[in-house]
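One structure is given here, and the rest of the page talks about it.
The values are calculated or read from the model by the stated rules, or taken from the named source; none is laboratory data. What you see is a predicted model; the values in this text were computed from it and never measured. Cβ placement follows ideal geometry from the backbone for every residue including glycine, while neighbour counts extend to all protein chains displayed.
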Amino acid sequence: MAVTNNLENKQSKLWFKRALKSLPGGVSSPVRAFHGVDGMPHVLYSASGSETIDEDGNRYLDFVGSWGPLILGHAHPILTQAVREATQRGTSFGAPSRPEIELAEMVAESYPGIEQVRFVSSGTEAVMSAVRLARGATGRDLIVKFSGCYHGHVDYLLVAAGSGLATFGKPSSDGVPKTFAELTRILPLDDSDAVSALFQKEGSKIAAVIIEPVPANNGLLLQCPKFLNTLRNLCTKHGALLIFDEVISGFRLGPGGAAEHYGLKPDLATFGKVIGGGMPVGAFGGSQEIMSNLAPQGGVYQAGTLSGNPVAMTAGLTTLHYMKKHKGWGMLEELGQYLDNQLNKVIEQSPVPASLVRIGSIFWIAWGSGIPPRSAETINENATNYYKKVFHGLLEQGVSLAPSAYEVGFLSLAHTHKDIDRLSNTLANVLDNNFLGVNSGDGHARN
Ligand SMILES: *Cc1c(COP(=O)(O)O)cnc(C)c1O
């Protein structure tokens, strides 16, 4: 695996300098700016399969996968062909169309408890709309969320635990009014007692509990099934809706997402990423009864000029058809088990404790933690310092992970066993290279 990358990144640097003038921070979404790892992003020119190529022609073995959507890999020929054909029939109709109806049917067939779906253009929009629907359907205002879960950048979900009475939210972003944040309650993950206590106090005011059933935006904080069960039971008991934010896990863990994985039925579920196959798509769905509260049938307003866009719907539909036809989820699980094997051998030799967390095609290494953390509060505080070294070490050798210690990696159908060998061998190399200045010592000798 000759590494022929031009590490000077001349063209990338020129382009990014221009980007810094016309785009805040040089980017259209913050984590892309590499602030989490102290660096400068490569400006990408193209991508195919498991590889991305930057403006200097450097090639990277990619585990970012555009942050989750690309379950078939980059620019899959069947997908690009379908998108080309759809585009030729028209780029937008603003009217119902066949791919939109077929994709809605596919979601309803696949996901536990969903009978109807509304399409939107991003995960944020899906969550925002689902929460409005939950409030409209219950006639209540309070929303419960968990620290360590991300639900997009809607105002009342950009909220962190306040000091003192920990459940009262305070804005985690400038520009979010305190009064918006006050309608959100924040709880730690993996703590059933805290949820029970909150319901006891305010159960009759809670419209919805929203959770990533597979929290994958602050590391990969896999939850005990018992905790998710508790949420289901408490919501049912108190007349609150349970919203599973499956923007990452939906159609990635399997056709029924985390709900199928854990054998649970949320009242509403939100989708994004994989459901759009790399095009801007989000969706939310639930029973016909709950969804009938949406305009034009009900009083909860929700709309979008480009919602259900025929080209984007075609990309999503083609992705899901391909996954079903080729038993893609089974293949990804097999690949994931191979990743466990190979990476665990390397991580065992790490000079600092580390643990690999994986579910299906989503993986994360908890640097500094000997056991997988289940809550944001239990992630090692030095994780970022450790990860910076790993990240740049890998990137210099042409292997690309997400530029933040708290972002997960994604496998796609384009990845091969050889790709995974390359990841594990390169990581072994990086760790051998006097990782963090921690001497790996005789006991950790490796060849
Ligand atoms: C990515 C993500 C979102 C936001 O989706 P966007 O398309 O980026 O707006 C919401 N929830 C979860 C769980 C996500 O991973």
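I'd like to check which strands (runs of 3 or more DSSP E) are fully inside the stretch 122-205 and have at least 2 residues that are within 14 Å of the ligand (Cβ to nearest atom).
Per the criteria, 142-147.
Of the conditions (1) out of contact with any strand residue (DSSP E or B) (no Cβ under 8 Å at 6 or more places or on another chain); (2) charged (D, E, K, R); (3) within 14 Å of the ligand (Cβ to nearest atom), residue 226 fails just one. Which one is it?
(3)
Does residue 289 qualify as being without any contact (Cβ under 8 Å) to a residue 24 or more places away in the chain and either part of a loop (DSSP other than H, G, I, E, B) or not assigned by TED's automatic domain parsing to the domain that holds residue 133 (or both)?
no
Please indicate, with yes or no, whether at least one residue in the stretch 388-395 is among the aromatic types (Phe, Trp, Tyr) and assigned to a strand (DSSP E or B).
For the stretch 388-395, residues among the aromatic types (Phe, Trp, Tyr) and assigned to a strand (DSSP E or B): absent.
Exactly one of these conditions fails for residue 132: (1) farther than 20 Å from residue 378 by Cα; (2) more than 24 Å from the chain's Cα centre (by Cα). Give me its number.
So residue 132 meets the others, but not (2).
If you take the residues of the stretch 264-277 that are assigned to a loop (DSSP other than H, G, I, E, B) and closer than 15 Å to residue 249 by Cα, which of them is farthest from the ligand (Cβ to nearest atom)? Break it down into steps so the answer makes sense when it comes.
Residues of the stretch 264-277 that are assigned to a loop (DSSP other than H, G, I, E, B), as a first pass: 264-267, 272, 277.
Within this subset, residues satisfying the condition of being closer than 15 Å to residue 249 by Cα are 264-266, 272, 277.
Details: 264: 16, 265: 19, 266: 13, 272: 4, 277: 13 Å.
So the residue we want is 265.
As an exercise: evaluate residue 94 against (1) assigned to a loop (DSSP other than H, G, I, E, B); (2) touching a Leu at 6+ places or on another chain (Cβ under 6 Å) and give the number of the one condition it does not meet.
Every listed condition holds for residue 94 apart from (2).
Are any residues in the stretch 231-277 within 13 Å of residue 71 (Cα to Cα), surrounded by 24 or more Cβ atoms within 10 Å (Cβ to Cβ) and not aliphatic (A, V, I, L, M), and if so, which ones?
Within the stretch 231-277, 249, 250, 251, 252, 272, 273, 276, 277 qualify.
Report, ordered by the first and then the second residue, all pairs with beta carbons closer than 7 Å, sequence separation of six or more or different chains, a first member in the stretch 257-271 that is free of Cβ contacts under 8 Å to residues at least 60 places away in the same chain, and a second member that is within 15 Å of the ligand (Cβ to nearest atom) and aromatic (Phe, Trp, Tyr).
Here the result reads 258/244, each pair linking the stretch 257-271 to a residue that is within 15 Å of the ligand (Cβ to nearest atom) and aromatic (Phe, Trp, Tyr).
What's the number of the condition residue 203 fails, among (1) crowded, with 19+ Cβ neighbours inside 10 Å; (2) in contact (Cβ under 8 Å) with a residue 24 or more places away in the chain?
Failed condition: (1).
Looking at the stretch 140-165, which of the residues that are in contact (Cβ under 8 Å) with a residue 12 or more places away in the chain and of a type in the set (Gly, Ala, Ser) is nearest to residue 306 (Cα to Cα)?
Here the answer is 152.
What do you reckon, is residue 377 at pLDDT below 95, of a type outside the set (A, V, I, L, M) and in contact with a Leu (Cβ under 9 Å, 6 or more places away or on another chain)?
yes
Out of the residues in the stretch 9-59 that are of a type in the set (Lys, Arg) and in a helix (DSSP H, G or I), which is farthest from residue 411 (Cα to Cα)?
Ranking the qualifying residues of the stretch 9-59, first place goes to 21.
Going through 30, 41, 69 one at a time, which residue ends up being within 16 Å of the ligand (Cβ to nearest atom) and surrounded by 15 or more Cβ atoms within 10 Å (Cβ to Cβ)?
On the way: 30 fails: surrounded by 15 or more Cβ atoms within 10 Å (Cβ to Cβ); 41 fails: within 16 Å of the ligand (Cβ to nearest atom).
Of 30, 41, 69, the one residue that is within 16 Å of the ligand (Cβ to nearest atom) and surrounded by 15 or more Cβ atoms within 10 Å (Cβ to Cβ) is 69.
Which of the residues belonging to the stretch 229-251 are away from the ligand (no atom under 16 Å from the Cβ) and in contact with a Cys (Cβ under 8 Å, 6 or more places away or on another chain)?
241 - this is the single residue of the stretch 229-251 that is away from the ligand (no atom under 16 Å from the Cβ) and in contact with a Cys (Cβ under 8 Å, 6 or more places away or on another chain).
I'd like to check something: does the stretch 102-113 contain any residue that is touching a Lys or Arg at 6+ places or on another chain (Cβ under 6 Å) and not in a loop (DSSP other than H, G, I, E, B)?
no
Identify the single condition in (1) under 19 Å from the mean Cα position of the chain (by Cα); (2) more than 26 Å from residue 141 (Cα to Cα) that residue 225 does not satisfy, given that it satisfies every other one.
Of the numbered conditions (1) under 19 Å from the mean Cα position of the chain (by Cα); (2) more than 26 Å from residue 141 (Cα to Cα), the odd one out for residue 225 is (1).
Check residue 112 against each of (1) on the phi < 0 side of the Ramachandran plot; (2) within 16 Å of the ligand (Cβ to nearest atom) and name the one condition it does not meet.
The one condition residue 112 does not meet is (2).
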